[in-house]
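These notes concern the structure reproduced below.
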Amino acid sequence: MAEAAKVLCMGNAIVDIIARVDDAFLAKHDREKGAMNLVDAETSASIYSDMPPAVERSGGSAGNTAAGIASFGGSAGYIGKVHDDQLGTVFRHDIQAVGVQFNTAPATTGAPTATSMILVTPDAQRTMNTFLGACTEISEYDVVEAEVAAADILYVEGYLWDTAPMKAAVLRAMDLAHKHGTKVSLTLSDSFCVDRFREEFRDLVDSKVDILFANEAEILSLYEVETFEEALAELKTHVKIAALTRSEKGSVLLSADEEVTVAAFPTTVEDTTGAGDLYAAGVLFGLSEGKDLETCGKFGSLAAAEVISHLGARAEVSLKDLAAEKL
């Protein structure tokens, strides 16, 4: 039997379909640049039929994070719902092949495996158009108590906060984590999510979250403030550990008695897809290995720099080897 995962990641299991487009393509399909847009099957099909040649890769925010932790040589597991179809088989193979434990049973009825049409413009911005498909079939019955109990950290993506069954699954996982002494980590995922679920996210941060991930726009939106400094001051009273990304300005990590600023790792930006996911992977790997906040932030910065240097949301080289070379 495989050793229990130290970091158990929970999120939407999605196959990314990535293509380079121009701004006119976004305008034609009425897409908001840089955002994650939830779409129905018809809209997804319409965008796909009009896309230039694309690359298919397994993705999903927490899935990318789990794969990143494994690339660092860490111990990661994953909870997410795919359908028992071709794309679902591809997703399962890809995440297990990189060393992530994935035991969630596939759906055999209902919607197909989720897809995200990711449109990358020349400025390296990514516009995601996500059809959630089988992801919405996840429920509290997919959360196995023994897996949560055995983990050091449960990491949940905010994208899961969309339907009643998905919320029930998240809350069961978080409650089991608290029952068994597993730390709970949440990423706010996208300003789009924060705008829709601000009060619920605030309540989660106050009552259930030990480690929070967010980018600058998300944390400003969460607390409805104008400056990053105001957001930091507000956040310090609500969460035990936070890791906040600021693009080229690097990141800030804080705890009750420490605040650390970590510079962005130099790189050439090709595609920003997965930057936050891989940053979280580095930080979570560091925390699971007992590293200090500054080292965790450096792992995150390094992983984010690697993933934005190429197309796609997962590392193309061993992050363990990269960290040994660069850090």
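The values are calculated or read from the model by the stated rules, or taken from the named source; none is laboratory data. Worth saying up front: this structure is predicted, and the values here are computed from it rather than measured. Every residue, glycine among them, receives a Cβ derived from its backbone with ideal geometry; neighbour counts consider all protein chains shown.
Taking the stretch 216-243 as the range and being out of contact with any helix residue (DSSP H, G or I) (no Cβ under 6 Å at 6 or more places or on another chain) and not in a loop (DSSP other than H, G, I, E, B) as the test, the residues that pass are Glu229, Glu230, Leu232, Ala233, Leu235, Ile241. Can you find a residue that is of a type outside the set (Ser, Thr, Tyr), part of a loop (DSSP other than H, G, I, E, B) and under 30 Å from Lys33 (Cβ atoms) anywhere in the stretch 298-309? Yes: one or more hits.
Here's the yes/no breakdown for (1) out of contact with any Ser or Thr (no Cβ under 9 Å at 6 or more places or on another chain); (2) aliphatic (A, V, I, L, M); (3) crowded, with 24+ Cβ neighbours inside 10 Å:
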site	(1), (2), (3)
Ala66	yes, yes, yes
Lys81	no, no, yes
Gly88	no, no, no
Gly99	no, no, no
Asn103	yes, no, no
Thr108	yes, no, no
Thr113	no, no, yes
Val120	no, yes, no
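Scanning the stretch 142-179 for residues that are more than 19 Å from Asp206 (Cα to Cα), surrounded by fewer than 17 Cβ atoms within 10 Å (Cβ to Cβ) and at pLDDT 95 or above yields Val144, Glu145, Ala146, Ala149, Ala150. Screening the stretch 180-190 for residues that are over 25 Å from Ala107 (Cα atoms) and among the polar types (S, T, N, Q) and picking the one that is surrounded by the fewest Cβ atoms within 10 Å (Cβ to Cβ) gives Thr182.
Considering the conditions (1) surrounded by fewer than 17 Cβ atoms within 10 Å (Cβ to Cβ); (2) part of a loop (DSSP other than H, G, I, E, B); (3) without any contact (Cβ under 8 Å) to a residue 60 or more places away in the chain, His93 is excluded by exactly one of them, (2).
Among the residues of the stretch 270-321, those that are free of Cβ contacts under 8 Å to residues at least 40 places away in the same chain and either farther than 27 Å from Ala19 by Cβ or small (Gly, Ala, Ser) (or both) comprise Ala275, Gly286, Gly290, Lys291, Asp292, Thr295, Lys298, Leu302, Asp321.
Of all residues in the stretch 310-323, those being surrounded by fewer than 24 Cβ atoms within 10 Å (Cβ to Cβ), in a helix (DSSP H, G or I) and aliphatic (A, V, I, L, M) number 2.
Would you mind stating whether Asp175 is without any contact (Cβ under 8 Å) to a residue 40 or more places away in the chain and not in a strand (DSSP E or B)? Considered against the rule, which asks whether it is without any contact (Cβ under 8 Å) to a residue 40 or more places away in the chain and not in a strand (DSSP E or B), Asp175 comes out as yes. The set of residues in the stretch 237-255 that are under 12 Å from Gly297 (Cα atoms) and either modelled with pLDDT under 95 or of a type in the set (Ser, Thr, Tyr) (or both) comprises Thr245, Ser251. Selection of the stretch 256-274 for residues being at pLDDT 95 or above and not in a loop (DSSP other than H, G, I, E, B) yields Glu259, Val260, Thr261, Val262.
Being within 16 Å of Ala76 (Cβ to Cβ) and assigned to a helix (DSSP H, G or I) is true of Leu278. Among the residues of the stretch 2-12, are any out of contact with any Leu (no Cβ under 8 Å at 6 or more places or on another chain) and part of a helix (DSSP H, G or I)? The answer is no, given that none of the residues of the stretch 2-12 is out of contact with any Leu (no Cβ under 8 Å at 6 or more places or on another chain) and part of a helix (DSSP H, G or I). Only residues that are farther than 23 Å from Met174 by Cα, among the polar types (S, T, N, Q) and crowded, with 19+ Cβ neighbours inside 10 Å were counted in the stretch 211-242, giving 1. Here Tyr48 fulfils each of the conditions (1) on the phi > 0 side of the Ramachandran plot; (2) in a helix (DSSP H, G or I) apart from (1). Taking the condition touching a residue at least 40 places away in the same chain (Cβ under 8 Å), over 20 Å from Ser185 (Cα atoms), among the hydroxyl-bearing types (Ser, Thr, Tyr) and surrounded by 19 or more Cβ atoms within 10 Å (Cβ to Cβ), does Thr245 pass? Answer is no for this residue.
Gly63 falls short of the stated requirement of being among the small types (Gly, Ala, Ser), part of a strand (DSSP E or B) and at pLDDT 95 or above.
Yes or no: the stretch 289-311 includes at least one residue that is within 20 Å of Glu259 (Cβ to Cβ), among the polar types (S, T, N, Q) and modelled with pLDDT of 95 or more. Yes, there is a match, as at least one residue in the stretch 289-311 is within 20 Å of Glu259 (Cβ to Cβ), among the polar types (S, T, N, Q) and modelled with pLDDT of 95 or more.
Exactly one residue among Val307, Val252 is surrounded by 15 or more Cβ atoms within 10 Å (Cβ to Cβ), touching an Asp or Glu at 6+ places or on another chain (Cβ under 8 Å) and closer than 20 Å to Gly63 by Cα, and that residue is Val307.
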